[in-house]
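J.: One structure coming up, written as structure tokens, with questions to follow.
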Amino acid sequence: MYQLKTAYKNEIKSKLAEELGIKNPMLLPKLEKIVISVGAGMHAKDTKIMQNIADTISLIAGQKAVITSAKKSVAGFKMREGMPMGAKVTLRGNQMYNFLEKLIVIALPRVKDFRGIPRNGFDGRGNYSFGVNEQLIFPEVVYDDIMVSHGMNITFVTSAKNDKDALKLLELFGLPFAKGRING
């Protein structure tokens, strides 16, 4: 368990320092947290489906998910303030490394016609987000237990100051990026 955490301490830090030219180990980019979120969309009004989505995300993450609610009313979306809109979970520490390892080793290789995750999900501040179309790629999810098939957004929050450093960090962790180049 937590092989990526020990790999970061023993190998990845030294490679990052060498490739980025950073001498102070406190300035090296590191993974701070991973946020998994699901928007319920048209299923937001059904409390059973919302609870099923939250339970599925909790099962995948290994930590209890929180049901998020709307901050303001929007008539065009038939949404009122306080209505449940989705679920999210924030992972830090050992849970974060456990999920990252499961994502890289088990889940992403199960995606049909997988060619790598896109490189264009960086936000300019060293954070990276991408989406997964189906929750069934995770081994904990039992097909008979889900009510609605849904995707999820996965966000990696790093301490990197720019996208290039964050990309290098995530590549060294083993995230399978698609071929191409990153802007910035």
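The values are calculated or read from the model by the stated rules, or taken from the named source; none is laboratory data. Here the structure is a predicted model, which means the values were calculated and not measured. Cβ coordinates were reconstructed from backbone atoms using ideal geometry, including for glycine residues, and neighbour counts include every protein chain displayed. Surface areas here come from the heavy atoms of the whole protein model, side chains and all, with no ligands, DNA or RNA. Shrake-Rupley method; radii C 1.70, N 1.55, O 1.52, S 1.80 Å.
J.: How many of the residues making up the stretch 146-165 are touching a residue at least 24 places away in the same chain (Cβ under 8 Å) and either farther than 30 Å from K30 by Cβ or outside any strand (DSSP E or B) (or both)? Steps first, answer last, please.
T.: Here is the first cut: in the stretch 146-165, the residues touching a residue at least 24 places away in the same chain (Cβ under 8 Å) are 146-148, 150-163, 165.
Still in the list and also either farther than 30 Å from K30 by Cβ or outside any strand (DSSP E or B) (or both): 146-148, 150-151, 159-163, 165.
Residues that pass the stated criteria total 11.
J.: Starting from the stretch 173-184, keep only residues that are under 21 Å from F99 (Cα atoms), then list their pairs with residues that are modelled with pLDDT of 70 or more and surrounded by fewer than 11 Cβ atoms within 10 Å (Cβ to Cβ) whose Cβ atoms are within a distance under 6 Å, requiring at least 6 positions of separation or different chains.
T.: These pairs meet every condition: A178/R115.
J.: Condition check: of a type in the set (D, E), farther than 15 Å from Q135 by Cβ and open to solvent by 50 Å² or more (accessible area, probe 1.4 Å). Does D46 satisfy that? Can you show your working first?
T.: Details: of a type in the set (D, E): yes; farther than 15 Å from Q135 by Cβ: yes; open to solvent by 50 Å² or more (accessible area, probe 1.4 Å): yes.
Judged against the criteria, D46 is a match.
J.: Taking into account only those residues within the stretch 118-163 that are open to solvent by 70 Å² or more (accessible area, probe 1.4 Å) and of a type in the set (A, V, I, L, M), which is farthest from the chain's Cα centre (by Cα)?
T.: So in the stretch 118-163, the residues open to solvent by 70 Å² or more (accessible area, probe 1.4 Å) come out as 120, 123, 125, 133-134, 142-145, 147, 153, 161.
Restricting the remaining residues to those that are of a type in the set (A, V, I, L, M) gives 142, 147.
Numbers: V142: 20, M147: 22 Å.
Across the stretch 118-163, the extreme among qualifying residues is M147.
J.: Any residue in the stretch 22-39 that is touching a Gly at 6+ places or on another chain (Cβ under 7 Å) and charged (D, E, K, R)?
T.: No, the stretch 22-39 has no match at all.
J.: Now for a different question. Would you confirm whether or not the stretch 152-161 contains a residue that is touching a helix residue (DSSP H, G or I) at 6+ places or on another chain (Cβ under 7 Å) and under 21 Å from A54 (Cβ atoms)? Spell out how you get there, then give the answer.
T.: From the stretch 152-161, those touching a helix residue (DSSP H, G or I) at 6+ places or on another chain (Cβ under 7 Å) are 152, 156, 158, 160; that's our starting set.
Those left that are additionally under 21 Å from A54 (Cβ atoms): 152.
Within the stretch 152-161 (the criterion being touching a helix residue (DSSP H, G or I) at 6+ places or on another chain (Cβ under 7 Å) and under 21 Å from A54 (Cβ atoms)), the answer is yes, since at least one residue qualifies.
J.: Ok, one more. Can you tell me which residue in the stretch 166-184 is least open to solvent (accessible area, probe 1.4 Å), limited to those that are part of a loop (DSSP other than H, G, I, E, B) and either within 17 Å of S58 (Cβ to Cβ) or touching a strand residue (DSSP E or B) at 6+ places or on another chain (Cβ under 9 Å) (or both)?
T.: Of the stretch 166-184, the ones part of a loop (DSSP other than H, G, I, E, B) are 174-176, 178-184.
Narrowing the set further to residues that are either within 17 Å of S58 (Cβ to Cβ) or touching a strand residue (DSSP E or B) at 6+ places or on another chain (Cβ under 9 Å) (or both) leaves 175-176, 178, 182-184.
On the way: L175: 9, P176: 43, A178: 24, I182: 33, N183: 116, G184: 89 Å².
Among those residues, the one meeting the criterion is L175.
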